[in-house]
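Before any comments, here is the structure.
Quick note: the coordinates plus some simple rules give every number you see, no bench work behind them. Predicted model only: the values in this text are computed from it and were never measured. Positions of Cβ are backbone-derived with ideal geometry, glycine not excepted, and every protein chain shown enters the neighbour counts.
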Amino acid sequence: MYQQDYEFLQEVSKLVRVPLHELKRTILGTRGTLTTISVAKQEDWWDKQMCPMMVRNSYGLWKPCGQYREAHGTCCNHRNPTSPFVRHKDDKYFQSLPKRNPLKWAGEIVWVSATGDVVRESGESIDGLRICWKTAMILSYPDTN
């Protein structure tokens, strides 16, 4: 019975990527010491199944492919990526681009950078509009006169 329990703990240890001794200490406990398992740095299993390519849409924004990868490592659409509109997600090119987060404003999805500038899906900047991404508060509104 003990051997089966030990094998079960080994399998759980592999699945959650926590060392076996940590897992045993957490489950069995220690003398008055509270132990927690941190899993914040671990990826979800399905993230590894997604195609690692980023695709630039006709509006100029880069988005994850969204398809499941095949045995060769990418989806069927990106077996031999030769297009300048397809790059691997780890490409250093993306480090130079400002990260933008989606936000619904005035009935449309806009993309807001950390500095507050706003871009439409079409890629055009909305001059005069600045939004604080964390609070979704409008900092300045474009003058329509």
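Side notes on the structure shown:
- Built amide H within the under 5 Å cut-off of Arg100, gap 5+: none
- Per-residue HN-Hα couplings for region 95-107 [Karplus 6.51, -1.76, 1.60; θ = phi - 60°; Hz; x = Gly/Pro]: 5, 7, 8, x, 7, 10, 10, x, 8, 8, 9, 6, x
- For the cross-link pairs Lys14/Lys63; Lys92/Lys134; Lys63/Lys134; Lys14/Lys104, the ones whose C-alpha atoms lie over 30 Å apart are Lys14/Lys63; Lys14/Lys104.
- Pair Arg79, Ser113: separation of 7 Å Cα→Cβ label points (nm): 3.9
- Descending semi-axes in Å of region 79-140, equivalent ellipsoid built from Cα gyration tensor: 27, 13, 10
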